[in-house]
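Let me begin by presenting the structure, written as structure tokens, before commenting on it.
The values are calculated or read from the model by the stated rules, or taken from the named source; none is laboratory data. Remember, predicted model here, so these are calculated numbers, not experimental data. Cβ placement follows ideal geometry from the backbone for every residue including glycine, while neighbour counts extend to all protein chains displayed.
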Amino acid sequence: MKNIFMAMLGFILSFFSCKKDEKLTIGKNPYVGQLKTDGYYKEIVEDQVIIYFLYNNGVILFGNKLPLKDLDVQELAYKDGSFYNMAKNLKYYWGVFTVDGDDIIIERWNPTRIPRRVTRSEGKILSDTSFVITRRTQSDRPVVVPEYKVFYFKKFSPKPDSTNSFVK
């Protein structure tokens with residue numbers, strides 16, 4: 001019975017692996033700009049927080065979406081390396097960002113789709129410690145839905161490493 005289950009699991013995984021994940025449309029470029037990068041950016045909506053780490057090498061790391069009450073525990077996971085050890089092997093935590101003037105573009109893989117689709121978020125830099133996402137699109141979703149999400153900077157150290165095998 002165990003061998004049948006393992007064979008079925010192997011077949012299912014090989015079926016999904018035949019389809020290729022989408023590629024990011026913007027490249028990884030060094031970032032030297034006005035946004036601070038010695039911490040993370042968070043958006044708080046009601047009792048939830050969404051976290052992004054921006055790195056000087058143009059990489060972005062999704063730091064999770066979690067209940068606001070769990071933020072202290074999540075910060076400990078960033079500091080002790082356990083979050084990075086988990087995220088380094090999961091493609092959908094990673095992406096790239098680019099800034100042109102006061103425009104910011106973020107691309108990363110959607111966690112709920114196989115093969116992975118690229119989600120593109122676009123917005124404006126408001127200051128050196130905040131930016132707003134004004135729209136989000138996916139290649140298979142031609143409708144652009146406004147999302148006006150403001151992310152605010154929080155100084156934080158040590159940040160998880162930006163090294164990963166997905167963003168070259």
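Taking the residues in region 55-85 that are of a type in the set (A, V, I, L, M, F, W, C) and in contact with a Phe, Trp or Tyr (Cβ under 6 Å, 6 or more places away or on another chain) as candidates, determine which candidate is surrounded by the most Cβ atoms within 10 Å (Cβ to Cβ). Before the answer, list the steps.
Residues of region 55-85 that are of a type in the set (A, V, I, L, M, F, W, C), as a first pass: 59-62, 66, 68, 71, 73, 76-77, 83.
This time we only want the ones that are in contact with a Phe, Trp or Tyr (Cβ under 6 Å, 6 or more places away or on another chain), so: 60-62, 77.
Numbers: Ile60: 24, Leu61: 26, Phe62: 19, Ala77: 18.
The extreme case among them is Leu61.
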From Ile26, Ile60, Ile44, grab the single residue that is at pLDDT below 95, touching an Asp or Glu at 6+ places or on another chain (Cβ under 9 Å) and β-branched (Val, Ile, Thr).
Ile26
Of (1) part of a strand (DSSP E or B); (2) among the aliphatic types (A, V, I, L, M); (3) touching a Lys or Arg at 6+ places or on another chain (Cβ under 8 Å), Ile125 satisfies every one except (3)
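Got a number for residues in region 102-116 being among the hydrophobic types (A, V, I, L, M, F, W, C) and in a loop (DSSP other than H, G, I, E, B)?
Within region 102-116, the subset among the hydrophobic types (A, V, I, L, M, F, W, C) is 104-106, 109, 114.
Filter again for in a loop (DSSP other than H, G, I, E, B), leaving 114.
Count: 1.
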